[in-house]
Amino acid sequence: MSAALAPSPADPMRPAPWRVRAVRRETADVATLELEPLEGGVPGFAPGQFNMIYAFGIGEVPVSLSGDPADQTRFVHTVRAVGAASAAIVAAAPGSVLGLRGPFGSAWPVDAAEGHDLLIVAGGLGLAPLRPAIYQTLAGSERFGRIAVLYGGRGPAELLFRDELATWGARADVTVTITVDHADPSGTVMSAWCRR
């Protein structure tokens, strides 16, 4: 197991304390949290890996890493409130402390796609665990053929990472296409966020 894939704490079964540095509300029930360690550094991770996040006194849930693997200053997780533990994590305020174990799991084979066209498809919250792979791909876009991201959601209000979708779509080396099941009443044109 490589260093990037190895669990970070000396005891991988004991949660280490991490402070919530920032919280960004994505939708009514989804938030993106930036976490920084209270002890030690930020271990490396590979796109596709996850951490176990513990809300003290409530419980623990597995959550995919959704930040940039090149950022060695923090971990980023995007969480939907679906139960007691995930609701407590989503409700965590900046400065509060959560427990964290990991990273665990295998990685997306981004390097294996070098020299080939790459189509990344996600729906709803499924964009969060793919975001690290997109970051890694776009950081070395010259190593790939055509890069396309296809992202869908139930409606415009359910879409995550809107600013990043716009930024990615404005790049000359990637095509971003967004689709929704139901447009909002104002008739918002989703393609306005993306390059055609």
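Readers should treat all values here as calculations from the given coordinates under stated rules, not as data from a laboratory. Since this is a predicted model, take the numbers as computed values, not measurements. Glycine also receives a Cβ, built like all others from the backbone with ideal geometry; neighbour counts cover every protein chain displayed.
Based on the mean of other beta carbon atoms within 10 Å per residue, what is the order of 11-17, 123-129, most packed first? Let's see the in-between values first.
Values: 11-17: 13.3, 123-129: 19.0.
Going from most to least packed, we get 123-129, 11-17.
Using amide H atoms built 1.01 Å from N in the peptide plane, name the residues 5+ places from G152, or on other chains, whose amide H lies under 5 Å from its own.
Long-range HN contacts for G152: A122, G123, G124, T179.
Counting Lys and Arg as +1 and Asp and Glu as -1, each charge on the Cβ, what is the dipole of segment 67-183 about the Cα centre in debye, to the nearest 20?
For segment 67-183, the charge dipole is close to 340 debye.
By how many nm would the segment from Q72 to R154 lengthen if fully extended, with 0.36 nm per residue of separation less the alpha-carbon distance? Provide the component values of the computation, followed by the final result.
Working: separation 82, 0.36 × 82 = 29.52 nm, distance 3.35 nm.
Separation in residues times 0.36 nm, less the Cα-Cα distance, equals 26.2 nm.
Near T137, within a Cβ-to-Cβ distance under 12 Å, what is the net charge of the other residues, with Lys and Arg +1 and Asp and Glu -1? Intermediate values should be presented prior to the final figure.
Working: positive: R131, R143, R146, R171; negative: D68, D111, E114, D117, E142, D173.
Around T137, the charge tally is -2.
Does anyone have the angle between helix 127-139 and the longest principal axis of the chain? Alpha-carbon axes, 0 to 90°, nearest 10?
70
Given Cβ point charges of +1 (Lys, Arg) and -1 (Asp, Glu) and nothing else, what value in debye, to the nearest 20, does the dipole of segment 3-152 about its Cα centre take? Please report the intermediate quantities before stating the final value.
Values: 11 positive and 13 negative charges, 60 e Å.
Charge dipole of segment 3-152: 280 debye, to the nearest 20.
Would you please name the chymotrypsin sites (Phe, Trp or Tyr not before Pro) within segment 10-62 that are DSSP coil residues with at most 14 other C-beta atoms within 10 Å of their C-beta?
Values: sites: W18, F45, F50, Y54, F56; in loops: F45, F56.
When the chymotrypsin sites (Phe, Trp or Tyr not before Pro) of segment 10-62 are filtered for loop state and at most 14 Cβ neighbours within 10 Å, F56 remain.
How much FRET efficiency would the formula 1/(1 + (r/R0)^6) give for R162 and E36, where r is the Cβ-Cβ distance and R0 is 35 Å, rounded to 0.05? Walk me through the numbers before you get to the answer.
On the way: r = 25 Å, r/R0 = 0.71.
E(calc), rounded to 0.05, equals 0.90.
What list of ³J(HN,Hα) couplings, whole Hz, do you get for segment 77-94 from phi and the Karplus terms 6.51, -1.76, 1.60, once you set θ to phi - 60° and write x for glycine and proline?
My calculation for segment 77-94 gives 10, 10, 10, 9, 7, 10, x, 4, 5, 5, 5, 5, 5, 4, 7, 4, 9, x Hz in order.
For the chain, give the share of DSSP beta bridges that are antiparallel, in percent and rounded to the nearest 5; count only bridges with both residues there.
Details: 29 of 41 bridges.
For the chain, the DSSP antiparallel bridge percentage is about 70.
List the residues, sorted by chain then number, that are 5 or more residues from Q49 or on another chain and whose placed amide H is less than 5 Å from its amide H.
The answer is L65, W108.
Note down the net charge around R74, summing +1 for each Lys or Arg and -1 for each Asp or Glu among other residues with Cβ under 15 Å from its Cβ. Could you put the intermediate results ahead of the total?
Numbers: positive: R19, R21, R24, R131; negative: E34, E36, E39, D68, D71.
Its environment carries a net charge of -1.
From the backbone phi of segment 21-33, what are the Karplus-calculated ³J(HN,Hα) couplings (6.51 cos²θ - 1.76 cosθ + 1.60, θ = phi - 60°) in whole Hz, Gly and Pro given as x?
Rounded to whole hertz, the list is 7, 7, 10, 10, 6, 8, 9, 4, 10, 10, 9, 9, 10.
Multiply the residue separation of R24 and L119 by 0.36 nm, subtract the distance between their alpha-carbon atoms, and state the gained length in nm to one decimal. Provide the component values of the computation, followed by the final result.
Values: separation 95, 0.36 × 95 = 34.20 nm, distance 2.74 nm.
My answer for the length gained is 31.5 nm.
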